[in-house]
Amino acid sequence: MAALLAGQSVSEVAADYKIDRSLVSRWKQQIPADRMHQVALKKQHDFGELLSEYLATLLTTLKVQAEVAGDPDYIRKQPAAELATLHGVMADKGIRLLEAASRDGDGE
């Protein structure tokens, strides 16, 4: 039951502890609904926090990549076709980020 209360699914608990799935399911039914609701809320919060951390890391990485791409020495060493692709992708992604930020700022 501790694993269920920690947020593991019935299938995960059954597989991890080599217990029949129907038994684990019956255990879960014995846990009060409000307690399982608390577990679900915590999982949502944890996922939201993980997603937020991931996006922050992603944006930091993209910033570093943009700084490297902005180095004149780096630019001079790149083939024209690759620079065109890099420019197109970076411009497109930048515009998409601005659009997303604008939508978020409008309260939509």
(1) closer than 30 Å to Gly7 by Cα; (2) over 29 Å from the mean Cα position of the chain (by Cα): which one isn't true of Val39, the others all being true? (2)
Verdict on Pro32 being without any contact (Cβ under 8 Å) to a residue 60 or more places away in the chain, under 30 Å from Met1 (Cβ atoms) and loosely packed, with under 10 Cβ neighbours inside 10 Å: yes
Would you confirm whether or not segment 14-21 contains a residue that is touching a Ser or Thr at 6+ places or on another chain (Cβ under 9 Å) and either more than 30 Å from Leu4 (Cβ to Cβ) or free of Cβ contacts under 8 Å to residues at least 60 places away in the same chain (or both)? yes
Return the pair list, or none, for Cβ contacts closer than 8 Å from residues in segment 79-105 that are surrounded by 10 or more Cβ atoms within 10 Å (Cβ to Cβ) to residues that are modelled with pLDDT of 90 or more, at least 6 apart or on different chains. Leu83/Ile75; Leu86/Ala69; Leu86/Gln78; Met90/Ala66; Met90/Ala69; Lys93/Leu62
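The values are calculated or read from the model by the stated rules, or taken from the named source; none is laboratory data. Note that the structure is predicted; figures quoted are calculated from it, not measured. Don't worry about glycine lacking a Cβ; one is built from the backbone with ideal geometry, like all the others, and counts go over all protein chains shown.
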